[in-house]
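Encoded as structure tokens, here's the structure I'll be asking about.
The values are calculated or read from the model by the stated rules, or taken from the named source; none is laboratory data. Just so it is clear, the structure is predicted and the values come from calculations on it, not from any experiment. With ideal geometry, Cβ positions are generated from the backbone for all residues, glycine too; neighbour counts draw on all protein chains shown. Only protein heavy atoms, including side chains, enter the accessible area calculation; ligands, DNA and RNA are left aside. Shrake-Rupley method; radii C 1.70, N 1.55, O 1.52, S 1.80 Å.
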Amino acid sequence: MKVTVKLVGGLVHTLGFSERELELPPGTTVAGLLDAIAIDPARPLIVGRSGWAIDLVEELREGDRILVSPVFSGG
Amino acid sequence: MDGWTGQFLRVNLTSRSFRIETFSEEFAHTWIGGRGFAVKILYDELAPGIDPLGPDNKLVVAVGPISGIPAPNTGKTIVAAKSPATGGYGDGNLGTRVTDQLRKAGYDALIVEGRADRPTMLFIEDDRVEFLPADEAWGKGTMETNDWIYARYGKGVGVLNIGQAGENMVRYAVVRSMEGRAGGRPGMGAVMGSKLLKAIVVKGSKPIPQAFPAAMKTLGRDDLRTVHQMDKDAAWSVQGTTGVLPWCNEVAALPVHNFRGTHHPDAWKVDGERVHAARVATYGCPNCTMRCGIAIPDDEGRESELDYENVGLLGPNLDLFDLPQVAALNYLCDDYGLDTISAGSVLGFYADAIERGAVAGDLRFGDAAGFKKVLGMIARREGEIGNILAEGTLRAARAFGHGSEDYAMQVKGLEISAYNCKFIPGMALAFGVSPIGAHHKESWIITFEVKQTTRGSYGRDKAQKIVDLQRIRGGLFESIVTCRFPWVELGWGVEHYPTYFNTITGSDWKLEDFWPISDRIYALMKLFWLREYPQTDRSADFPPAAWFDPANVDAEGPIAGLHLDREQYDGMLQHYYDIRGYDTRGVPTRATLESLGLGAEAATAEAYATLR
């Protein structure tokens, strides 16, 4: 299945991309996605699907747009 | 008294006199410093009902026990006064060399009273105070004023100054320092202007009293290095706070079109990646190793220092997605000495009011040239519109009428920062109960809310988290006076701060020892408001009607069809009051005040209002 991952903030620079479409096996979880893009899941992150946070164990769906972000405080 | 100089400097601009006062160790341990000192001084010394733009108001510049000591991000100073924007207690922090210079001059706070008879620059060097003419700088922007001061004294001095907005008493004029620092959103710059005080310059030569200076030197140096490395690993400073913009856009929390919208397909054009790509310089506060002031060229090639709040409010909120144009508006705000958050909100509100027919005018969303022109009118209070908009969105809405107050995006007279809470109940509450009017600095619950709670819930857990964050951010950090960023952005443990405090003051405090002091500070800020607004009720803690309006929902996107629920918000607000020990009006009960050691303050408040 195809999912799009969107990174923000410092993750863009540490991983070297901002947005990428990935081909993943059906049943891949959020943790699997993080593994696929080489992010340590222990790192404080916010992972969201369409504006709503999702857990690491949640399965991805075809066409998902997944936001991966560090934990911000704002200005 | 290790950790504190034990002295305040009181300056009277009317009589051109000054006095050095001492304070006790008990006072220091009760209020810590910074915001704690400021609210206590202002509560005790300001008569309720005074004109915040009159000579009876006082400006307090205060630091804390860890201020200015080399350690992670200790370069902040508090500026406080009765707010011209809200009529309540107002303050803000800014990074400035005043922080260490004031301490080295021998003071933990400067209290400025009265009104000068001509434009004045206050020069403080240790025990010496000079009242210098500032006619030459009056009428000039903050950039030129800063250069004027540096040319005279060099760059090592501490400087606070104002631009034309402060001089003309725009109610959301800020105090500025160094190349790009600003603070005091609720009109602290206007208070300086009302006193004809163009600038404060501070130079000190004394050692800052510390219990264990050698140990603190090692600790501070090592921790600065560690935080610097953490920042490099996280790449946080690469985009600074502008990195939050795409996040807000993705989760539908971005202010677009005067907060009507929550996301926009062109938001990427002004996001952190674009800011980073355009960077020409980076600025930061003293004692900071994670500098977040990213400067880019504006449309005229001028360096404009950006952060998320000003890009959000001066960009998407105005339907502007041209980064150099956004930078130009930001530059003008900085030079005029206008708060970028309030200015962006005022411009958006004005364009919205025109669009909705509440007022006649030709300004339109997306009109960068028009916005620049109006900013100048505001800073100069030029014409009827310049004057009305210089009063802020709440007063402007009352002038325009036609129901426009519903979409004046403010709480208590202070404009909301760049987080659109159309469907983020906890963050809406954080704005509602912020003690200076809507501001994100007290409690930024939004990522916790989205990550660890059900986004649309209104539970006690959110109210509790707001109190927890207020205790750390608004209480601990604003009284010991340090920047919150190492903790919030890099996860630098909050337990480090009692260690600094103890090493500097020789105390043996634990983290939890600071919470009653934080609560005391919040309660006294509330009493300050109560004396000014004796008829206050819980409606003062509600955000604007637009966020509750079913007609204002998003048509598409992550929160399509959703809005805040007034009844459930009210329930969450009650949770907040219950946790805090406040009554149903949002006022601390007499029992709460007494438990916080505020019995005497409660007695003075009762001369003006009823306590329960």
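Where in region B:269-363 are there strands (runs of 3 or more DSSP E), lying wholly inside it, with at least 3 residues that are in contact with a strand residue (DSSP E or B) (Cβ under 9 Å, 6 or more places away or on another chain) and away from every other protein chain (no Cβ under 14 Å)?
By residue number, B:281-283, B:293-297.
Quick check, is A:Arg65 open to solvent by 30 Å² or more (accessible area, probe 1.4 Å), within 11 Å of another protein chain (Cβ to nearest Cβ), within 10 Å of the chain's Cα centre (by Cα) and not β-branched (Val, Ile, Thr)?
So A:Arg65 passes the test.
Pick from B:Ile32, B:Ile50: which is of a type outside the set (Phe, Trp, Tyr) and under 21 Å from B:Gln101 (Cα atoms)?
B:Ile32
When residues of region B:237-251 are filtered for being in contact with a Cys (Cβ under 8 Å, 6 or more places away or on another chain) and either surrounded by fewer than 24 Cβ atoms within 10 Å (Cβ to Cβ) or more than 7 Å from every other protein chain (Cβ to nearest Cβ) (or both), how many remain?
The total comes to 2.
Sticking with this structure for a sec: Condition first: charged (D, E, K, R) and part of a helix (DSSP H, G or I). Now tell me which residues in region B:9-42 satisfy that.
Hits for region B:9-42 are B:Glu25, B:Glu26, B:Arg35, B:Lys40.
Further, regarding this structure: Between a first residue in region B:509-535 that is part of a helix (DSSP H, G or I) and a second residue that is buried (at least 24 other Cβ atoms within 10 Å of the Cβ) and among the β-branched types (Val, Ile, Thr), which pairs have beta carbons less than 7 Å apart while being 6 or more apart in sequence or on different chains?
Between residues of region B:509-535 that are part of a helix (DSSP H, G or I) and residues that are buried (at least 24 other Cβ atoms within 10 Å of the Cβ) and among the β-branched types (Val, Ile, Thr), the close pairs are B:Ile517/B:Ile32; B:Ile521/B:Val39; B:Leu524/B:Val39; B:Met525/B:Val39; B:Lys526/B:Val587; B:Phe528/B:Val39; B:Leu530/B:Val587.
Could you please tell me which pairs satisfy a Cβ distance under 6 Å, a separation of 6+ or placement on different chains, a first residue in region B:377-392 that is part of a loop (DSSP other than H, G, I, E, B), and a second residue that is of a type outside the set (D, E, K, R) and surrounded by fewer than 20 Cβ atoms within 10 Å (Cβ to Cβ)?
Pairs found: B:Arg381/B:Asn387.
Which residue pairs have Cβ atoms under 6 Å apart, sit 6 or more places apart or on different chains, and have a first residue in region B:132-157 that is within 20 Å of B:Gln101 (Cβ to Cβ) and a second that is open to solvent by less than 50 Å² (accessible area, probe 1.4 Å) and among the polar types (S, T, N, Q)?
Sorted first by the residue in region B:132-157, then by its partner, the pairs are B:Ala134/B:Thr120; B:Ala137/B:Thr145; B:Thr142/B:Asn161; B:Thr145/B:Asn161.
Within region A:37-52, take every residue that is within 11 Å of chain B (Cβ to nearest Cβ) and under 10 Å from the mean Cα position of the chain (by Cα) and give me the one that is farthest from A:Val8 (Cα to Cα).
A:Arg49
Select, from B:Arg103, B:Arg115, B:Arg97, B:Arg35, the only residue that is surrounded by fewer than 19 Cβ atoms within 10 Å (Cβ to Cβ) and either out of contact with any Leu (no Cβ under 8 Å at 6 or more places or on another chain) or not aromatic (Phe, Trp, Tyr) (or both).
Exactly one residue qualifies, and that residue is B:Arg115.
Which residues, counting only those in region B:274-308, are among the polar types (S, T, N, Q) and buried (at least 19 other Cβ atoms within 10 Å of the Cβ)?
Once the filter is applied, which keeps residues that are among the polar types (S, T, N, Q) and buried (at least 19 other Cβ atoms within 10 Å of the Cβ), region B:274-308 yields B:Asn287, B:Thr289, B:Ser304.
Here's another thing I want to ask about it. Inside region B:442-461, can you point out the residues that are part of a helix (DSSP H, G or I) and either within 14 Å of another protein chain (Cβ to nearest Cβ) or among the aromatic types (Phe, Trp, Tyr) (or both)?
B:Ile446, B:Thr447, B:Phe448, B:Glu449, B:Val450, B:Lys451, B:Gln452
For every residue, the table says whether it meets (1) in contact with a His (Cβ under 9 Å, 6 or more places away or on another chain); (2) among the aromatic types (Phe, Trp, Tyr).
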site: B:Arg171; (1), (2): no, no
site: B:Arg176; (1), (2): no, no
site: B:Gly193; (1), (2): no, no
site: B:Leu196; (1), (2): no, no
site: B:Val202; (1), (2): no, no
site: B:Trp247; (1), (2): no, yes
site: B:Glu250; (1), (2): yes, no
site: B:Ala278; (1), (2): no, no
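For region B:518-542, how many residues are open to solvent by 10 Å² or more (accessible area, probe 1.4 Å), in contact with a helix residue (DSSP H, G or I) (Cβ under 7 Å, 6 or more places away or on another chain) and of a type in the set (A, V, I, L, M, F, W, C)?
1
If I filter region B:124-143 for residues that are over 25 Å from B:Asp51 (Cβ atoms) and assigned to a helix (DSSP H, G or I), do I get at least one hit?
Yes, that holds for at least one residue.
Would you check which residues across region A:47-60 are part of a loop (DSSP other than H, G, I, E, B) and surrounded by 11 or more Cβ atoms within 10 Å (Cβ to Cβ) and list them?
Scanning region A:47-60 gives A:Ser50, A:Gly51, A:Ile54, A:Leu56, A:Glu58, A:Leu60.
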